[in-house]
Each structure stands twice: as structure tokens, then as C-alpha cells.
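Questions regarding the structure given below will be posed in turn.
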Ligand SMILES: Nc1nc2c(ncn2[C@@H]2O[C@H](COP(=O)(O)OP(=O)(O)OP(=O)(O)O)[C@@H](O)[C@H]2O)c(=O)[nH]1
Ligand SMILES: [Mg+2]
């Protein structure tokens, strides 16, 4: 839920969702480091909060707050869920108030089914709001490894889950972009780009769609950046 506060700041909640070990915490870590070290459209304010087990797996959530460097009243509250199956009730809580979702796939072929299970759970919680009211971006992460799934494989999954629209549908322009990523800091492929696309869409949904996916003749996706 995008919140305007008395001081006219705007708070937008972006959530990384995906199966345990897909790379959500690593992504937020990399995003934090790269936006701290280089001048980008967002800059971190404060530290990253990470609540994890000794194994590194998230126990509760991670949270980072980023401020837009273009519109300094805009803040992004960026969360990751704990992906392991047993934390399902917790994920539901963390999801509350989310404005944009980045679904993180572990691209290793042997995890194919686990990713689908995680996507189904997300769909269940969002109750038909994905894409229509909550922008969805996907990352096929760990593309640096061998034996990974590709864009077409995942597009098929999205189609089966009714999260993909054909060109004649008005929501076609909001189909999730499928980024092939590597979250590791030294390689970092499309970590920043996938975040900014989700943030941009979230802004457009608010400004031009009043909280829904903007559609119609008056709307084209090539509008100014948010
Ligand atoms: N090779 C490779 N390894 C990655 C990549 N992203 C993450 N990893 C590794 O995968 C492991 C799990 O990453 P995390 O970021 O902890 O995964 P998570 O999605 O936060 O997992 P949960 O907190 O359990 O939900 C770590 O050892 C990471 O270093 C990637 O793009 N490539
Ligand atoms: Mg994690």
C-alpha cells in the first residue's frame, strides 16, 4: 500500500518472493552495496536488517530502505521473505501492504517444481491481484550455473498460472519481464535493472492507474520514469 505521510513522503513496499535459497537475500545485499558505492536512482538509508539462521537462510525477513535520488520524497521499503516451506504463515504477514513483487526463481533445473510451488503460494496470497493491481517482475536467478531453465520455460509456467496475457489483451503491456540474473556481487547481472523496473511500474500503477494497472488508449508504457 503506497503511503503518503504528513510530511509528504511517499513509501512504497517492494517484496522479493521465491523458494528458499533462490537468492533473495543476496539480491538485496548486492542492491544495497551497488547503490551505496555508485550514484544510482536510489540510495540506501541506514543499514540492511537481516534476520537469518547460522546457515544464512532467512529466518524472518530482510529489510532495506532506499530513497529515490530523483524524487527525494519517495522511499522504497524493500523486503525479502523467508523462502523455506515451513515459513509460509510468516510470508503471509510479510506480504501485507506490498505494492510490487519481484519473484526470484532458482534457475537450476532440478528446482523447477519448487519454484512453481512458491509461485502458486504467492498467487494464493495475492488473490488475483498480481499484475492487475500489483506489478510483477521475475528474475531467473543463478544463470551463472550450469543446467538452468531459460526464459521460454518460465514463460510457459506463467501462462499456466494465468500470469501472462496475449498481445490482444489490454494487460499485455504489464506482462512480467523475465530477467536472467546473477545476484553475486562480483558478477551482478540485472539486479539493479529488475528492481528499477518494478519500482517504475509501481509508480505508474499509482499515478496513472489509481492503484491498478493503467490501460487504455491514453496510456503507453513509454511514459516518463518515476
Ligand atoms: N551461483 C550463484 N549463487 C547464488 C546466486 N544468488 C544467490 N546465490 C547463492 O545461493 C545461496 C542462497 O542465497 P540466499 O540469498 O541466502 O537465498 P534466499 O532466497 O534469501 O534464501 P531464503 O532466505 O532461505 O529464502 C547462497 O549461497 C548464495 O551465495 C547467483 O546468482 N549465482
Ligand atoms: Mg533470504
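Hey, could you get me the Stokes-Einstein D for the range 116-226, Kirkwood radius over alpha-carbon pairs, 4 °C and 1.567 mPa s, rounded to whole µm² s⁻¹? Spell out each step's value before the answer.
Details: Rh = 15.1 Å.
Estimated via Stokes-Einstein, D reaches 86 µm²/s.
Separate question: Sum -39500 (n - 2.57) across every DSSP H segment of at least 4 residues in the chain, then divide by the residue count to get the 222 nm mean residue ellipticity, nearest 500.
The helix-only estimate for the chain comes to -9500 deg cm²/dmol at 222 nm.
Tell me, what is the percent relative contact order of the chain, built from C-alpha pairs under 8 Å that lie six or more residues apart?
Numbers: 421 pairs, mean separation 46.3, N = 226.
Averaging sequence separation for qualifying contacts and normalising by length gives 20 percent for the chain.
Scale the Cα Rg of the chain by the rule-of-thumb value 2.2 N^0.38 Å and send over the ratio, two decimals.
0.96
Right, next: Please report how far the C-alpha centroid of the range 106-173 lies from that of the range 8-47, rounded to the nearest whole angstrom.
Value for the Cα centre distance between the two parts: 21 Å.
While we're on this one: If you line up the Cα atoms of the range 1-115 on their principal axes, what length do they span on each, largest first, in Å?
Principal-axis extents of the range 1-115 (Cα, largest first): 45, 30, 25 Å.
How do 53, 139, 19 line up, fewest other C-beta atoms within 10 Å first? List each step's numbers first, then the result.
Details: 53 11, 139 33, 19 23.
Fewest-to-most Cβ neighbours within 10 Å comes out as 53, 19, 139.
Also: Calculate I(q)/I(0) for the range 47-141 by the Debye formula, one identical point scatterer on each C-alpha and no solvent, and give its log10 at q = 0.16, 0.19, 0.23 Å⁻¹ to two decimals.
With no solvent term, the Cα-only Debye profile gives -0.77, -1.07, -1.40.
Can you give the log10 of the normalised intensity I(q)/I(0) at q = 0.15, 0.18, 0.19 Å⁻¹, computed with Debye over equal Cα scatterers of the range 1-69?
-0.57, -0.78, -0.85
Continuing with the same structure: Per-residue counts of other Cβ atoms within 10 Å, averaged by peptide: what ranking do you get for 21-31, 124-134, highest first?
Averaged packing, sorted descending, gives the order 21-31, 124-134.
How do 7, 153 line up, fewest other C-beta atoms within 10 Å first?
Result, fewest neighbours first: 7, 153.
Let me ask something additional. Could you please rank 101, 215, placing first whichever residue has the fewest other Cβ atoms within 10 Å of its Cβ?
So the residues, fewest neighbours to most, are 215, 101.
Bear in mind that the values in this text are calculations on the coordinates, not laboratory data. Computed from a prediction, not measured in an experiment: that's the story for all the values here. With ideal geometry, Cβ positions are generated from the backbone for all residues, glycine too; neighbour counts draw on all protein chains shown.
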